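Notes for the one structure printed next.
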Amino acid sequence: MHSQQAKSFYFATVCFLPAILLVLYPLIVLEHLAMPDWIFRGFGLYVWAGVVVVIVRIWRSGWNSDRKGLWTVLILFLGLVTLPIYWLRHVHTRAIPT
């Protein structure tokens with residue numbers, strides 16, 4: 001697997017996992033789905049570590065400070081919606097070979 005494709009896959013798991021967990025969490029709480037606690041905590045740790053990686057990637061990019069600040073605030077406060085948008089706009093398009 002090419003390194004850019006691997007990065008795209010990692011960012012995809014980070015960006016889309018919160019939306020998946022939004023569906024899984026009620027199923028776990030309502031006991032319709034059995035899942036050990038350590039796996040659920042691991043998902044949370046993985047997502048937050050991924051968010052840190054995404055924010056570091058944003059701040060190391062060549063964008064201007066306003067754009068960096070805007071994406072950082074959007075991801076931190078509206079991450080469930082903006083993480084998939086970020087992935088589709090800025091990561092996925094670069095992983096497709098031309």
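FYI, it's all coordinate maths here, none of it is from the lab. Quick caveat, the model's predicted, so the values are computed rather than measured.
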> Based solely on its DSSP helices, what 222 nm [θ] is calculated for the chain when runs of n ≥ 4 H residues each add -39,500 (n - 2.57) and the sum is averaged over all residues, nearest 500 deg cm²/dmol?
Replying inline: -26500 deg cm²/dmol
>> Just to confirm the number: angle between the C-alpha axis of helix 65-86 and the first principal axis of the chain, 0 to 90 degrees, nearest 10?
In response: 30 degrees
> In the Gaussian network model of the chain, springs joining C-alpha atoms below 10 Å, which of Y86, Y25, Y46 carries the largest mean-square fluctuation?
Replying inline: Y25
>> Taking every pair of distinct Cα atoms and averaging 1/r, then inverting, what Kirkwood hydrodynamic radius in Å comes out for segment 25-98?
In response: 14.3 Å
>> If Rh is defined by the Kirkwood formula over all Cα pairs and Rg also comes from Cα, what ratio Rg/Rh do you get for segment 1-67?
In response: 1.10
